[in-house]
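Single-structure report; data block below.
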Amino acid sequence: MSSRGYRAEFDFELRVCQWAERAWPPGQDHDRPVIVARQLGTKRRRWDTIVLECDPDALRERAQFGARALDSDLLDVIPHAPAEWEYYRDALPDPGYPWRYVREAIHRGDDRGVLDVRKHGGQIEIRQKHAYPDWLERIIAIENKPDLDASAARRLAPQLERDVALGLADEVWVATAATGDLIEPALLEDLPVEAGILVIDPPAGDAEVAWHPRTLEPTNPGTRIRERPAGGDNDASAARFEYVDPAWKGRKRLEIAERAYGSGWRKYVDAMRSDCRHFGTRWTATGPIPSCGAKACHQTSSECCGSCPQFEPEPPTWRSKGWPLSGGPGKAVERVLDRRRRRHRFGLK
Ligand code: SF4
């Protein structure tokens, strides 16, 4: 794909995230809190946009554990920590790996202030600081394809079929840019009927449902499609599947949710050169989008990096006298994005 194509996809992805944060679920009241993140999933599958529908009270309780994600090792400890002091091996389920790694996670939890830990009679005892809440209600996975032509649909369809068969998310969607045609071309493509189709109008920051998805069953066993024959006269091989345990799915969903809570979708700016004098931001109908003055475009995070040939450090005066706050315009953008990220995590201080 050309750099122009990557920029268009990145720009579209940010607008989908902005819209989802403001208006999810489409066509209904936006009365439940949502957490939006991008480029998250499992080792095998990464979704472009993820929307977490959350229980409002439980989300506030989740904030007691801080803004950072609880990683998978901490998730083996924190949700199982007892209300009263207990020897850690009696309190926690067998992790299936050496206990020394659990001890390491216990000490990290102590350092982060999310777990009470003491030595008692030569043994490590633990106690919950707060009960870990059941804050995640649903996971919505969105694949962004601004130009969903026939060849893009052919590439996307097998991925969506895998998502539907596995049922890790509650709903799977494709987001595509509005064309203004009477029938959106995406509806004519051969996509799985279980996947919803969202038609986004990027300049207006609106979206319409062109096709409603089927609700999947994350609490049921899933099917992982390992191999799918191409079919046709020259391929008579059988497809290979494996069943996926609901417990694995539940655990993966929580890991994904925690990572989404920690990162959100605005973290892209951390990977950009916001200290470049050309770094700026443009306000669109849906919110701020990063822009590059030197390239006169919305740059991607992969091109806005240290090796960018047009990178120029911001003048030192921007960090001292020229700007009222520490750092230049790039730092100001980072602060705005961080404030907005925290605003959607109820209860975070
Ligand atoms: S010139 Fe390069 S480093 Fe500077 S803002 Fe533009 S893309 Fe980023």
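The values are calculated or read from the model by the stated rules, or taken from the named source; none is laboratory data. Treat the numbers as computed from the prediction; the structure is a model and nothing was measured. Cβ atoms come from the backbone with ideal geometry, glycine included; neighbour counts cover every protein chain shown.
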Test result for residue 163, surrounded by fewer than 18 Cβ atoms within 10 Å (Cβ to Cβ) and either of a type in the set (Gly, Ala, Ser) or not assigned by TED's automatic domain parsing to the domain that holds residue 288 (or both): no
Qualifying residues in segment 103-116 (those that are surrounded by 19 or more Cβ atoms within 10 Å (Cβ to Cβ) and not small (Gly, Ala, Ser)) - the one farthest from residue 57 (Cα to Cα): 106
So residue 49, is it of a type in the set (Ser, Thr, Tyr), within 19 Å of the chain's Cα centre (by Cα) and at pLDDT 95 or above: yes
Exclusive hit being at pLDDT 95 or above and not in a strand (DSSP E or B), set 64, 18: 64
Number of the condition not met by residue 62 [criteria: (1) surrounded by fewer than 24 Cβ atoms within 10 Å (Cβ to Cβ); (2) outside the structural domain of residue 179 (by TED's automatic domain parsing)]: (1)
Qualifying residues in segment 245-274 (those that are over 16 Å from the mean Cα position of the chain (by Cα) and buried (at least 18 other Cβ atoms within 10 Å of the Cβ)) - the one farthest from the ligand (Cβ to nearest atom): 249
Segment 202-230, subset outside any loop (DSSP other than H, G, I, E, B) and in contact (Cβ under 8 Å) with a residue 40 or more places away in the chain, residue nearest to residue 168 (Cα to Cα): 222
So residue 331, is it more than 9 Å from the ligand (Cβ to nearest atom) and either acidic (Asp, Glu) or not assigned by TED's automatic domain parsing to the domain that holds residue 11 (or both): yes
Matching residues in segment 288-321 - criterion: being of a type in the set (D, E, K, R), over 27 Å from the mean Cα position of the chain (by Cα) and within 8 Å of the ligand (Cβ to nearest atom): 295, 312
